[in-house]
Amino acid sequence: MNETFEALKPRLDRIMALKTAMILFEWDNETLAPQKAARLTSNVIGILSGEYFQAVDDGQVRELVKACQGDQSLTEVEKAQVRELSKEQEKLACIPREEYQDFARLTAESTRIWQEAKEADDFERFAPTLEKVIGYQKRFAAYRAKDGEKKYDVMLADYEPGFDMELLDAFFATIKKELVPLLKEVQASKVLIRDDFLRGDFSDSQQEKIGRFLAEYVGFDFSKGVMATSAHPFTTNLHNHDVRITTHYNDNLDSSLFSVIHEAGHGIYEFGVRDDLTQTLVGEGASMGMHESQSRFFENIIGRNRSFWVPIYEKIREAFPQALTDIGLDMFVNAVNKAEPGLIRTEADELTYSLHVLIRYELEKALIEEDMSVEDLPKAWADKYEAYLGIRPETMKEGVLQDIHWSQGSFGYFPSYALGSAFGAQLYAHMKKEMDFEGLLEEGKVDRIREYLREHIHQYGKLKDSRQLLKDTTNEDFDPQYYIRYLKEKYKKLYHLG
Ligand code: ZN
């Protein structure tokens with residue numbers, strides 16, 4: 001190993017250890033931690049985040065990073081780690097340590113406050129906390145902005161570098177122009193798709209059993225991963241040998257089944273990262289957009305594909321006899337693809353999904369760039385749902401309080417869901433040329449598809465960014481038209497539209 005990098009290595013290990021500890025607390029907070037622990041845990045997180053800050057923003061570490069940057073003898077992986085650390089240093093250098101710690105303490109508590117407000121359906125209870133979170137986020141972005149850079153662009157770059165407001169405005173304009181009318185056509189069509197049999201009283205244990213089966217079937221490795229329950233399904237990755245997913249059980253059968261496949265997709269991405277990147281700053285998915293592209297690929301392009309269910313539908317039918325005995329494969333597959341405007345993003349079908357994201361994108365822009373007040377948020381939210389989806393939430397739970405992201409300060413995250421869907425559609429179009437995609441699914445060979453993704457995407461971790469990964473895999477730059485075409489083709493067929 002190069003001498004300078006060798007000196008930097010224990011510092012990097014310390015940074016990773018602190019980061020891992022904080023992530024583990026985050027996981028614990030959302031899953032098993034008792035309610036009364038929140039305040040005390042937030043103190044611990046405050047201290048850990050201060051240690052982390054110091055470990056990154058340290059004079060000696062800075063000098064080592066500088067020395068490494070000029071050293072051509074570093075390996076590709078070492079160079080990538082230095083690049084990531086330098087980015088993190090640049091970010092933290094602009095933020096006063098005190099404020100950084102206070103913010104970490106705040107977010108450790110704010111998700112709990114959000115959850116309580118959501119349960120009580122009371123926006124007022126969350127509003128002052130949200131205001132504080134937004135205040136910090138705006139200040140941090142202002143500290144970090146390079147000359148003339150917009151605050152929201154700074155935030156967006158944390159989740160999907162290279163996709164700023166200029167690009168996203170164009171992307172979402174295409175979505176609005178193409179998908180709002182398509183949804184209207186679908187709604188006007190005479191085709192009625194039954195999905196009533198997916199609602200009912202399903203036992204948690206049976207849903208869990210099938211959830212585990214599906215996760216394993218698509219390739220989630222339970223020797224390196226666990227599954228728990230939480231209010232909002234999510235994935236926590238410590239490294240490629242420890243990935244934790246959660247799900248939730250309710251009276252919508254498809255909700256738990258597809259959220260498991262979605263989170264398993266996140267997990268599979270992390271498991272696929274090369275071992276020489278484990279527990280390094282580059283040992284995780286390239287970006288949130290690329291992450292969502294994989295989870296949504298497993299959930300939708302694989303999971304809502306008729307061919308996927310051919311080898312396993314009987315098993316699912318036997319697991320839920322009251323609901324599915326009289327329901328054939330085609331009825332089941334049509335039901336899980338039914339397009340219908342709804343209020344809840346995580347329950348949305350593929351067609352309406354991006355409209356939910358579009359709404360959040362516009363609201364985030366208004367909050368960050370146009371100083372819209374938190375007080376005006378519920379009404380603005382409801383107005384946009386009415387405009388794009390034709391429905392209006394009657395409760396806060398089903399409206400502005402539904403997502404966890406803002407309570408965590410994750411402004412700029414939402415667009416990655418829509419971008420991820422678009423990345424996935426582009427990958428799918430390319431993969432169909434390279435393999436008999438549907439044929440493999442019908443033969444139960446999900447592993448062949450997973451291996452392809454591992455080879456082209458997963459193994460690289462953060463060594464390449466999402467644009468590069470797309471380009472190297474498909475030989476083309478990012479092109480959102482693949483996504484529009486995918487949705488048009490799918491829904492025109494399902495609803496017999498001309
Ligand atoms: Zn996801």
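Each value in this text was obtained by applying a stated rule to the coordinates, not by laboratory testing. If you're wondering where the values come from, they're calculated on a predicted model, not measured in any experiment. Here Cβ is always computed from backbone atoms with ideal geometry, including for glycine, and neighbour counts include all displayed protein chains.
Some points to look at:
- Approximate spin-label separation residue 40-residue 369, in nm, with each point projected 7 Å along Cα-to-Cβ: 4.5
- Of the beta bridges in the chain, as assigned by DSSP with both residues counted there, near 50 percent are antiparallel.
- Using a Förster distance of 60 Å, the FRET efficiency for residue 315-residue 69 (Cβ separation, nearest 0.05): 0.65
- Label-point separation, residue 434 to residue 131 (7 Å along Cα→Cβ), nm: 5.2
- Annotation note: GluC sites (Glu not before Pro) in the stretch 319-379 located in DSSP loop regions with a Cβ neighbour count of at most 16 within 10 Å are 370.
- Length gained when the stretch residue 87-residue 149 is fully extended (0.36 nm per residue, less Cα-Cα span): 20.7 nm
- The trypsin sites (Lys or Arg not before Pro) found in the stretch 74-155 that occupy coil by DSSP, while having at most 14 further C-beta atoms within 10 Å, are 146.
- For the stretch 36-118, the residue among 106, 46, 96 whose Cα projects farthest onto the positive side of the dipole built from Cβ charges is 106.
- Stretched out straight at 0.36 nm per residue, the stretch from residue 459 to residue 229 would grow longer than its current Cα-Cα span by 80.0 nm.
- Efficiency of FRET from Cβ geometry, residue 174 and residue 203, R₀ 35 Å, rounded to 0.05: 0.20
- Using 0.36 nm per residue and subtracting the Cα-Cα separation, the extra length available between residue 216 and residue 124 on full extension is 28.9 nm.
- Restricting the GluC sites (Glu not before Pro) of the stretch 1-55 to loop positions (DSSP other than H, G, I, E, B) with no more than 15 neighbouring Cβ atoms within 10 Å leaves nothing.
- Zone residues, the stretch 331-359, relative to residue 250, backbone N less than 14 Å from point 7 Å out along Cα-to-Cβ: 342-349
- Summarising the label geometry, the points placed 7 Å from Cα in the beta-carbon direction at residue 394 and residue 21 lie 5.0 nm from one another.
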